[in-house]
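The structure appears right after this line, and notes come after that.
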Amino acid sequence: MFTELNSILNATPDSFTQGEFILVSDRQSDASFLIHHFLSFYLRARCKVCFLGLVQSFSHYSAISQRLGVSLTQAREKGQLIFLEGLKESLSILIPQETTTGSQAMDFLRDPTVGLQRLYEFVRSSVSSDGGGEEGVEEWGPPVLLVDDVSVLLSLGVSAGAVLDFSHYCRATVCSQLQGNIVMLVRCHGEEAEDDGSDEGSEWLLKGLTHQCSLTLHVQGLPTGYCRDIHGQVEVCWRRRRGDGQHTQKKLFQYKVHDKGASFFAPGTSSAVL
Amino acid sequence: MAAPVSSVGKPSAERPPFSSTSFQKKTRSKLISIPGTRPSVQNGQLLVSTGVTSLDYLLGGGLAVGTVLLIEEDRFDSYSRMILKYFLAEGVVCRHELFVASAQDNPDDILQELPAPILDDVAIHKPVEQPRLSCEPQDNLDAMKIAWRYQNLPKVQSALASSSRFGHYYDVSKTMEPEIRQAAKCHRFYLPEHPTQSSTTHSRMIESYSALLKSLQEVIHREGFDLSTPMSMSRNILRVGLHSLGSALWNDDLSCHDDPMHSHALTTFLYGLRALLRSSLSVAVVTVPSHLIQDQALMGNITRLCDNAIALESFKGSERETNPLYKDYHGLLHVRQVPHLNCLASQLPDHKDLAFKLKRKQFSIEVCCQRLHLLCATLSRRRSSANLCLLLSAIG
């Protein structure tokens, strides 16, 4: 986890707001480093984490989390982490074999018009506590759902409406019922005005998810162009829903990703410049 | 995973159930070195050469095993096809196995056009490789007088050593000799030879892509490239070359219609390809005619589903061909995406203005200084800074 980001978001592994839906989005950039931050953050906070790793293999996340100080294999063995490796599960569906093994979570690949029901059921069974009847099973904190990333579902033929339904159901289960958190990554491309208004656009998905969430982190390249020392800018936007109505607060930071973390600084205060 | 080096060498954890003593010899996991690969200096991933040394440099040292390189074709598919041939030729020289798939040309024709490698060592296709120590001193005209102890060592490198060099050079004016080419094992997939089955597709992929994915998986399983198969002493890399995916010859209408019916066929295929590659010791180069695909969002999706992505823009046929500013180059090269697998930070290239030139013995990619000249030209037109113009032309 990145300590500077923790201070920006006012969160530590010991105390963080529950019931939050955090949306990480990027435009012509790569915001996956934030997913690694949240993964190690919630594992350190002893939450029960359900991770839908749809775009990369388990060893990729494991190698990076190792550098951030968290062991994913251990967490998985202890039962703290439930990892859906989308790539591995998808092969048995894309190349039909006689025996279908594995969970049915990636069933939407067979017919994307059906929707993401099976995926939601997988999430629900993962985050709901298993009764806690066994002795010696550790008690974990509130459940957390991490999705990396949601836009690949659009590439695989699922409609944006189905993805929004899925996120709504997950939010109802995880955030409202179980007081857990959700972090989703959405990736966009191109300029914002380029969307031709079609249903399938990722712009529509981004707008829908932004409306549902309580905190957004939008990652973009620098408006002045490509720079080797500053990798881009992050716009953090709080959309407070409780108490004092809809009150949004925005902050802008520039960031640079290192080997073992990322540093965030106010615009213009990069160490390369000062 | 994109095959980090340590896991390649790890033996499968099999202990004999009954051992006579409790003493277990601590075997350090020996890294099985596969010829033609080297570990990356950044994150220890296993890299192979693309056949073009300047492209290797751009991609951060080489192509990581388990990843896909997407090449957006130039208008006449001349230079992208050339890079594909370099990639396959490098596989032949490094004794990797090849898998070539095409819908337009027969894979055999592509394989016959591979450029000849420039090897200053012993030719690697000779089947008998023992250095004939006893004969050598007789052939040697100048016997060593001082370092006579080194007399009997083989003068030329053995074949294994020459193929362990990373990255080779090729002479494009000659084609690779058939003996060298036939020494490498090639698997072919030629779409017209695979009749379209009328069976129901199990996903959004169209039949041609399904058949290709299935064929590739069969080859990976059969030839033992799967990472899950028990580790034997010799592992090899499978180089996959897929030519012109997304074109109409693959029965895909991405390049024909603005609103294609099979809009998710290629992206679903690329997802399946990534799944296959991450779980095996293979590396793929895919060329896509992006200039025919109008939907930029779709190209963005395709790019994101591949790990590395470059785009070629050749000057042939355009007005830039006769432009004196670009006379040194054949086209521009854009690096669209560089992956960062197993690490947080990616190795972005320093410069974004790159141009390439296909020379006889090298495909060189250089920083294009022509942008400075263009800037200079516009400035001088405004008569504002003749000094700046002189300075820039001195730099560039």
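The values are calculated or read from the model by the stated rules, or taken from the named source; none is laboratory data. Every value quoted in this text rests on a predicted model; they were computed, and no experiment measured them. Positions of Cβ are backbone-derived with ideal geometry, glycine not excepted, and every protein chain shown enters the neighbour counts. Please note that ligands, DNA and RNA were not included when accessible areas were found on the heavy atoms of the full protein model with its side chains. Shrake-Rupley method; radii C 1.70, N 1.55, O 1.52, S 1.80 Å.
Below, the figures for the structure above:
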read-out: Solvent-accessible surface ranking, highest first, for B:S255, A:S271 at 1.4 angstrom; value: A:S271, B:S255
read-out: Nonlocal amide H pairs with A:L215, under 5 Å, H built at 1.01 Å; value: A:F21, A:L23, A:R239
read-out: Calculated FRET efficiency for the pair B:A116/B:R222, C-beta based, R₀ 25 Å, to 0.05; value: 0.25
read-out: Accessible area buried at the B-A interface, both sides summed, 1.4 Å probe (Å², nearest 100); value: 3400 Å²
read-out: Protein-only accessible surface order, largest first, of B:E72, B:E218 at 1.4 Å; value: B:E218, B:E72
read-out: Exposed-loop-free span, longest in chain A, where GluC sites (Glu not before Pro) count as exposed if DSSP calls them loop and at most 14 other C-beta atoms lie within 10 Å; value: A:1-97
read-out: Computed FRET value (nearest 0.05) for A:Q179 with A:T269, which takes r as the C-beta separation and R₀ as 35 Å; value: 0.40
read-out: Listing of region B:263-289 residues, each with accessible area lower by at least 50 Å² in the full protein assembly than in the chain alone (probe 1.4 Å); value: B:H264, B:Y271, B:R274, B:A275
read-out: Size of charge dipole - region A:3-273 - debye, nearest 20, with Cβ of Lys, Arg +1 and Asp, Glu -1, no other charges; value: 800 debye
read-out: Förster-model FRET efficiency, 41 Å R0, B:T196 and B:Q294, C-beta, rounded to 0.05; value: 0.95
read-out: At 1.567 mPa s and 4 °C, Stokes D of region A:3-273 from Kirkwood alpha-carbon radius, µm² per second; value: 66 µm²/s
read-out: Spread of Cα-to-Cα distances over 10 Å intervals beginning at zero, given as percent, for region B:221-284; value: 19, 38, 24, 14, 4, 0
read-out: Under the Karplus curve 6.51 cos²θ - 1.76 cosθ + 1.60, θ = phi - 60°, whole-Hz ³J(HN,Hα) for region B:94-107, x wherever Gly or Pro sits; value: 8, 6, 7, 8, 10, 9, 10, 10, 8, 10, 9, 9, 5, x
read-out: Among A:H168, A:H37, A:H189, residue whose mean-square fluctuation peaks in a GNM of chain A (springs only between Cα atoms under 10 Å); value: A:H189
read-out: Largest-first ordering by accessible area, 1.4 Å probe, given options B:S314, B:S279, B:S33, B:S173; value: B:S33, B:S173, B:S279, B:S314
read-out: Within chain A, helix-based [θ] at 222 nm, where runs of 4 or more DSSP H residues each add -39,500 (n - 2.57), nearest 500; value: -9000 deg cm²/dmol
read-out: Under Karplus coefficients 6.51, -1.76 and 1.60, residue-wise ³J(HN,Hα) of region B:247-260 in Hz, glycine/proline x; value: 7, 5, 6, 8, 6, 9, 9, 4, 8, 9, 10, 5, 10, x
read-out: Rounded percent of accessible protein surface that carbon and sulfur make up, region A:3-273, 1.4 Å probe; value: 46 percent
read-out: For region B:294-339, fraction of C-alpha pairs farther apart than 13 Å, in %; value: 63 percent
